[in-house]
Amino acid sequence: MRILPTVAEDRLLSFFPKKWTGFISYRRSVLIIAAAGFVVRLVYIFQVVNTPIFPMMATDSEYFDAMAHHYLHGQWGHPDAIFLNPFYPLFLSGIYAFCHANPVVVIIVQTLLDSCSILLIAYIGTVLLSYRAGIVAACLYAFYGIAVFYTGLLLAPILAIFLSLAAIALLVSYRDNGKIRWLLLAGFIFGLLVLTRTNTVLFVPVAIIWIVFLKNAGSRLQTRLAACFLFLIGLLLPLTLNSIRNDYFFGKFYPFSVQGGINFYIGNNPDAEGVIMEPQGIPTLPVNQVKTSIRIAEKRSGKSLSPFQASDYWLRQGVSYLLNHPLDALTLYARKFGLFWRKEEITLNINYDLSRELLPVMHRLPLAAFGFVAPLSLVGVFLALKRYRHTFLITAYASTYMFSVILFFVSDRYRLPIAPYLCLLAGLAVDTIVFNWRLKAWARLVPMISIACIAAFAINYNFACFAEDDPGSRSIHYSNMGLGYKDKGDLASARDALEKAVMLDASNAFAFNNLGTILLEMNDFSAAQSAFEKAISLNAFSCNALYNLGKCHQSKGEPEKAKQWYYRAIACDSQFAKAHTNLAQILLKANRLQEAENHLAEALASSPNLPEVHLTLGRLELKRGAPLKALDHIKKVIHDCPDKPDGYVQI
């Protein structure tokens, strides 16, 4: 099949006046669209870096950033590494290595990747659909609002989109030219994608079947089996490397993180509603969520469990619920299917609609939204069924990805990676509708327009069961916004945002804890203590709230009370380095040097580059009369954190 149109077809007569066709060619149009998408994203970046959204308002970003720093320091077996999908923090650390860990550089790289995704969409659409469909699809994605938004966050969707499109583009190239060497690279890229978004693994058997049964230039069965083997080799390479890492540091040859089991249970339990929730007091914070789920699983099973065993426990709990309550399960999955195809961008921990209010480019430009693209894409699905040999890769990936999201729970971030494929199907719909309109083929137009209208109504109408006001998600958003203002040094705005968060949802333990940290920095110890106590009353497993309450008492000059809360925080998380360190500081003042050293050893084992650990070790060595050893610890702090004044003060 031709990748580019012929010279006669190279004018976009279907969309532009004839007098423009001397200027607007296929190649130039694609480059203009990609450049326009890049400019929109660049303008957005200039705006978002000055808001509380950037860099860490989305709570997952903080964990990815911290893990990237651990990787930079060679801590490949950091205890928290098993709780996160592995490739995105590795991607961050690779960029950080060349830019002094500057997150602005990361989002610029993500902007470049997303601009490349626009080009890949145009390529895939041109080869599998038509050059006009490819251009429409590229244009839709270039100005797809939530895709623009996520380029400015330290989160994985933009990388996942690029990797999936790159892998599909290589499969398309193999389909056209039969060169099986492309499949090795396609498999490798898809392996990286699986390590970025584990749910994409569901497409692997579909891809293998497609390769085996594809009739192209290398149509012999032996050639197709060899092609399948190459794809699998490429796929297994990154998965095997991560399995070796997990086996070496965590004791199990397993390629994925251990969050899958609890995430499955969150989406499949008696109280599930198809969106993120806190079952049985398990918080929604990424790493804390998994750690708390392990403790609860151990308590319920009555035995000590590894993270892998705890994940299996929650997976079995979710499956058991589905098998024992088939009618409830059917209702739940129908709701999740409906949520997936709704216009609303369902909040995970950052609200897209509320965030747009801080970004002029996002609310002034007429950016495309799911409610516009999705109805057209469903028309595209209807058309794709008639030409499934050409559209199989697009529809198969979109279908398996949709199912993989519905299998767990729906959110804007998890739904976003399907957007390019919906844009491709929407491009097919627009191209076909315009073509038939010009031919005045009304009999063909009626079913297409009918499907579009019905789908637009179902997706965009404010049904009572879907379009409910959700104060909980808005509370989480304002809670994270408070942390964003804190990072910017605007404590007053941070306090206002967090007070709004707790007013919206009085059961948001995370918001009360964050409010307490702001009040503590503002030296309002009494109000901070009340906020931390409220957070603990709402969630007794909140390690951060337990630690912060201890820190509050320590700041008030109440070391004995502080010790009690630090011990509780450590009982909650034995690897809580900051709790160990602060407890060691109290013990040092009481001249209990050996106990202090024991706690610092625990802190050093879990966070060997935490500045506070080395500063406290320096004080310990000074008390022991070993100034040279103390100096080594202080020099490390100055080397790792040259902008931190504490090291210079202590030296």
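The values are calculated or read from the model by the stated rules, or taken from the named source; none is laboratory data. Everything quoted here is computed from the prediction, not taken from an experiment. Cβ coordinates were reconstructed from backbone atoms using ideal geometry, including for glycine residues, and neighbour counts include every protein chain displayed. These area figures cover heavy atoms from the full protein model, side chains too; ligands, DNA and RNA do not enter into them. Shrake-Rupley method; radii C 1.70, N 1.55, O 1.52, S 1.80 Å.
So, of the residues in segment 229-251 that are open to solvent by 10 Å² or more (accessible area, probe 1.4 Å) and free of Cβ contacts under 8 Å to residues at least 40 places away in the same chain, which turns out to be farthest from Tyr71 (Cα to Cα)?
Step by step, filter segment 229-251, then rank; the result is Phe229.
Mind listing whichever residues of segment 317-328 are surrounded by fewer than 16 Cβ atoms within 10 Å (Cβ to Cβ) and in contact (Cβ under 8 Å) with a residue 40 or more places away in the chain?
Matches in segment 317-328: Val319, His325, Asp328.
Has segment 150-163 got any residue that is in a helix (DSSP H, G or I) and touching a strand residue (DSSP E or B) at 6+ places or on another chain (Cβ under 6 Å)? I'd like the intermediate steps shown before the answer.
At the first step, the residues of segment 150-163 found to be in a helix (DSSP H, G or I) are 150-151, 157-163.
Restricting the remaining residues to those that are touching a strand residue (DSSP E or B) at 6+ places or on another chain (Cβ under 6 Å) gives none.
No, because not a single residue in segment 150-163 is in a helix (DSSP H, G or I) and touching a strand residue (DSSP E or B) at 6+ places or on another chain (Cβ under 6 Å).
Restrict the check to segment 338-355 and report whether at least one residue is basic (Lys, Arg), assigned to a helix (DSSP H, G or I) and either within 29 Å of Gln289 (Cβ to Cβ) or out of contact with any strand residue (DSSP E or B) (no Cβ under 9 Å at 6 or more places or on another chain) (or both).
Going residue by residue through segment 338-355, those that are basic (Lys, Arg) are 342-343.
With the extra rule that they be assigned to a helix (DSSP H, G or I), the set shrinks to none.
Scanning segment 338-355 turns up no residue that is basic (Lys, Arg), assigned to a helix (DSSP H, G or I) and either within 29 Å of Gln289 (Cβ to Cβ) or out of contact with any strand residue (DSSP E or B) (no Cβ under 9 Å at 6 or more places or on another chain) (or both).
Hey, among Leu549, Leu519, which residue is hydrophobic (A, V, I, L, M, F, W, C) and within 24 Å of Thr292 (Cα to Cα)?
Leu549 is the lone residue from the list that is hydrophobic (A, V, I, L, M, F, W, C) and within 24 Å of Thr292 (Cα to Cα).
I'd like to know if segment 92-101 contains one or more residues that are closer than 30 Å to Ile262 by Cβ and crowded, with 23+ Cβ neighbours inside 10 Å.
Taking every residue of segment 92-101 in turn, at least one turns out to be closer than 30 Å to Ile262 by Cβ and crowded, with 23+ Cβ neighbours inside 10 Å.
Looking only at segment 275-284, count every residue that is within 18 Å of Lys336 (Cα to Cα) and either at pLDDT below 90 or buried (at least 23 other Cβ atoms within 10 Å of the Cβ) (or both) and tell me the total. Give the steps one after another, and end with the answer.
First pass over segment 275-284, keeping only residues within 18 Å of Lys336 (Cα to Cα): 275-279.
Now restrict to residues that are either at pLDDT below 90 or buried (at least 23 other Cβ atoms within 10 Å of the Cβ) (or both): 276-279.
Here the count works out to 4.
List every residue pair whose Cβ atoms sit under 6 Å apart, with the two residues 6 or more apart in sequence or on different chains, where the first one lies in segment 475-493 and is surrounded by 15 or more Cβ atoms within 10 Å (Cβ to Cβ) and the second, anywhere, is aromatic (Phe, Trp, Tyr) and assigned to a helix (DSSP H, G or I).
From residues that are surrounded by 15 or more Cβ atoms within 10 Å (Cβ to Cβ), the pairs are Ser479/Phe510; Ser493/Tyr485.
Within segment 540-597, track down each residue that is among the aliphatic types (A, V, I, L, M), free of Cβ contacts under 8 Å to residues at least 60 places away in the same chain and surrounded by fewer than 24 Cβ atoms within 10 Å (Cβ to Cβ).
Residues satisfying the conditions are Ala562, Ile570, Ala571, Ala577, Ile586, Leu587, Leu588, Ala590, Leu593.
Scanning segment 322-372 for residues that are among the acidic types (Asp, Glu) and out of contact with any His (no Cβ under 8 Å at 6 or more places or on another chain), which turns out nearest to Pro52 (Cα to Cα)? Show your work before the answer.
Quick first cut of segment 322-372, residues among the acidic types (Asp, Glu) only: 328, 344-345, 353, 357.
Those still in the list that are out of contact with any His (no Cβ under 8 Å at 6 or more places or on another chain) too: 328, 344-345, 353.
Details: Asp328: 41, Glu344: 23, Glu345: 20, Asp353: 15 Å.
Once the filter is applied, the top-ranked residue is Asp353.
Which one of these does Ala528 not meet: (1) open to solvent by 30 Å² or more (accessible area, probe 1.4 Å); (2) of a type outside the set (Val, Ile, Thr); (3) assigned to a helix (DSSP H, G or I); (4) in contact with a Leu (Cβ under 7 Å, 6 or more places away or on another chain)?
Ala528 satisfies all of (1) open to solvent by 30 Å² or more (accessible area, probe 1.4 Å); (2) of a type outside the set (Val, Ile, Thr); (3) assigned to a helix (DSSP H, G or I); (4) in contact with a Leu (Cβ under 7 Å, 6 or more places away or on another chain) except (1).
Could you tell me which of the residues Leu120, Leu170 is open to solvent by 10 Å² or more (accessible area, probe 1.4 Å), free of Cβ contacts under 8 Å to residues at least 24 places away in the same chain and within 20 Å of Tyr401 (Cα to Cα)? Spell out the reasoning first.
Details: Leu120 fails: free of Cβ contacts under 8 Å to residues at least 24 places away in the same chain.
Leu170 is the lone residue from the list that is open to solvent by 10 Å² or more (accessible area, probe 1.4 Å), free of Cβ contacts under 8 Å to residues at least 24 places away in the same chain and within 20 Å of Tyr401 (Cα to Cα).
Could you give every pair whose Cβ atoms fall below 7 Å, whose first residue belongs to segment 265-278 and is within 13 Å of Asp328 (Cα to Cα) and assigned to a loop (DSSP other than H, G, I, E, B), and whose second residue is of a type in the set (Ser, Thr, Tyr) and at pLDDT 90 or above, counting only separations of at least 6 or pairs across chains?
Asn268/Tyr321; Asn269/Tyr321; Pro270/Tyr321
Residues in segment 375-392 that are closer than 26 Å to Val204 by Cβ and open to solvent by less than 30 Å² (accessible area, probe 1.4 Å): how many?
Looking only at that region, the number is 4.
Please work out which one of (1) in contact with a helix residue (DSSP H, G or I) (Cβ under 9 Å, 6 or more places away or on another chain); (2) within 23 Å of Asn349 (Cα to Cα); (3) not aromatic (Phe, Trp, Tyr) is the condition Asp470 fails and give its number.
With (1) in contact with a helix residue (DSSP H, G or I) (Cβ under 9 Å, 6 or more places away or on another chain); (2) within 23 Å of Asn349 (Cα to Cα); (3) not aromatic (Phe, Trp, Tyr) applied to Asp470, the lone miss is (1).
Just wondering, is there one or more residues in segment 63-70 that are among the acidic types (Asp, Glu), free of Cβ contacts under 8 Å to residues at least 60 places away in the same chain and within 23 Å of Leu193 (Cα to Cα)? Can you show your working first?
Restricting attention to segment 63-70, the residues satisfying the condition of being among the acidic types (Asp, Glu) are 65.
If we keep only those that are free of Cβ contacts under 8 Å to residues at least 60 places away in the same chain too, we end up with none.
There is no residue in segment 63-70 that is among the acidic types (Asp, Glu), free of Cβ contacts under 8 Å to residues at least 60 places away in the same chain and within 23 Å of Leu193 (Cα to Cα).
Which condition breaks for Gly74 when tested against (1) small (Gly, Ala, Ser); (2) surrounded by fewer than 20 Cβ atoms within 10 Å (Cβ to Cβ); (3) touching a helix residue (DSSP H, G or I) at 6+ places or on another chain (Cβ under 9 Å)?
Just one mismatch for Gly74, condition (3).
Does Met67 count as buried (at least 17 other Cβ atoms within 10 Å of the Cβ) and touching an Asp or Glu at 6+ places or on another chain (Cβ under 6 Å)? Spell out the reasoning first.
On the way: buried (at least 17 other Cβ atoms within 10 Å of the Cβ): yes; touching an Asp or Glu at 6+ places or on another chain (Cβ under 6 Å): no.
The answer is no for Met67.
I'd like to verify a number: residues in segment 177-200 that are over 20 Å from Leu225 (Cα atoms) and in a helix (DSSP H, G or I), how many?
8
Applying the selection to segment 483-514, what residues are over 24 Å from the mean Cα position of the chain (by Cα), of a type outside the set (D, E, K, R) and not in a helix (DSSP H, G or I)?
Gly489, Ala506, Ser507
Residue-wise test of (1) modelled with pLDDT of 75 or more; (2) part of a helix (DSSP H, G or I); (3) not small (Gly, Ala, Ser).
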site	(1), (2), (3)
Ala605	yes, yes, no
Val613	yes, yes, yes
Glu621	yes, yes, yes
Leu628	yes, yes, yes
Ile634	yes, yes, yes
His639	no, yes, yes
Tyr648	no, yes, yes
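Restricting attention to segment 350-374, which residues are out of contact with any Gly (no Cβ under 7 Å at 6 or more places or on another chain) and open to solvent by 30 Å² or more (accessible area, probe 1.4 Å)?
Matches in segment 350-374: Asp353, Arg356, Glu357, Leu358, Pro360, His363, Arg364, Leu365, Pro366, Phe372.
Select, from Thr331, Thr347, Thr395, Thr400, the only residue that is β-branched (Val, Ile, Thr) and open to solvent by 70 Å² or more (accessible area, probe 1.4 Å).
The match here is Thr331.
Considering each residue of segment 182-225, count those that are open to solvent by 30 Å² or more (accessible area, probe 1.4 Å), of a type in the set (Lys, Arg) and without any contact (Cβ under 8 Å) to a residue 60 or more places away in the chain, and give that number.
Count: 2.
Right, Asp80: open to solvent by less than 10 Å² (accessible area, probe 1.4 Å) and of a type in the set (D, E, K, R) or not?
Criteria not met by Asp80.
I need a count of the residues in segment 297-311 that are assigned to a helix (DSSP H, G or I) and either surrounded by fewer than 16 Cβ atoms within 10 Å (Cβ to Cβ) or free of Cβ contacts under 8 Å to residues at least 24 places away in the same chain (or both).
Number of matching residues: 6.
Going by what's in this entry, would Asn462 be described as modelled with pLDDT of 85 or more, polar (S, T, N, Q) and open to solvent by 40 Å² or more (accessible area, probe 1.4 Å)?
In short, yes.
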